[in-house]
1. Run the simple label-point estimate for Lys112 and Trp144 please: 7 Å along Cα→C-beta, distance reported in nm.
2. Taking R0 as 41 Å, what FRET efficiency do you get between Phe41 and Tyr202 from their Cβ-Cβ distance, rounded to the nearest 0.05?
3. Can you sort Thr215, Thr123 from fewest to most other Cβ atoms within 10 Å of each residue's own Cβ?
Amino acid sequence: MNNKLFYIAPVVSLVSISIANEQAVAQKAQTKNPYSGDLQFGIRGTLNPFIKKAESWIGYGAQMRVKISRRINTEWFADYFPATIKWSGERRDIRIGSAIEYYPLHEIYTGKECTPYFSIGPTSTYTQLNSRTFNAESWEAKRWSFGVIAGMGMLVNVGKKLNFGFVTQYCSQMATELKFGKNYVGDSNNLPTKIHDAKISYEGQLLLCMSVNYTIGDLW
């Protein structure tokens, strides 16, 4: 009799632990808020079609979204923008920021094919200007910009965890003074080129952004 209890006791203990664990998991699932905690990661490309005195400006970067309620997302992003300034130099912008996204028509990730939203949030940009390689002398300028980015967008859901994002945004920033190493140079054809060392200035940009996003898990 004692031998039987010796063999049965471990089995009973394992079954009891398993049942208790299942009950804990079920209770956690019941108490968890189903509308919060979803974590999305995505890659993005951004076009600025109206950049002044530049030949092109197409940026690329990454973003992360954390859902905090049925209709509200938070977004955290970083972008890199390389551009060529005509006859002068090259520009590099690194922009980081965050935004609150509000979905007025549909709840987030509920199986709808299209989910429109509004977004607004703070942003900051580090800008570096360098002379082009054909210039006779080299120069460099740097500055920071701080502002707000806002827009309207839409998620196109192609699966439970995968979606495409399309958003049109306007970025309004106040820029600090450009700090030059050398602010007056001549190119190889002796044509003078000068970029003014402006004080605090306003800069507005219209941005068209497309992203691919994937839900990788729950944070809580």
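We did not get these values from a lab; they are worked out from the coordinates using the rules stated. Quick caveat, the model's predicted, so the values are computed rather than measured. Neighbour counts are summed over all protein chains in view; Cβ atoms, including those assigned to glycine, are modelled from backbone coordinates with ideal geometry.
1. 3.9 nm
2. On the way: r = 33 Å, r/R0 = 0.81.
Efficiency computed from Cβ-Cβ geometry: 0.80.
3. On the way: Thr215 18, Thr123 21.
Going from sparsest to densest Cβ surroundings: Thr215, Thr123.
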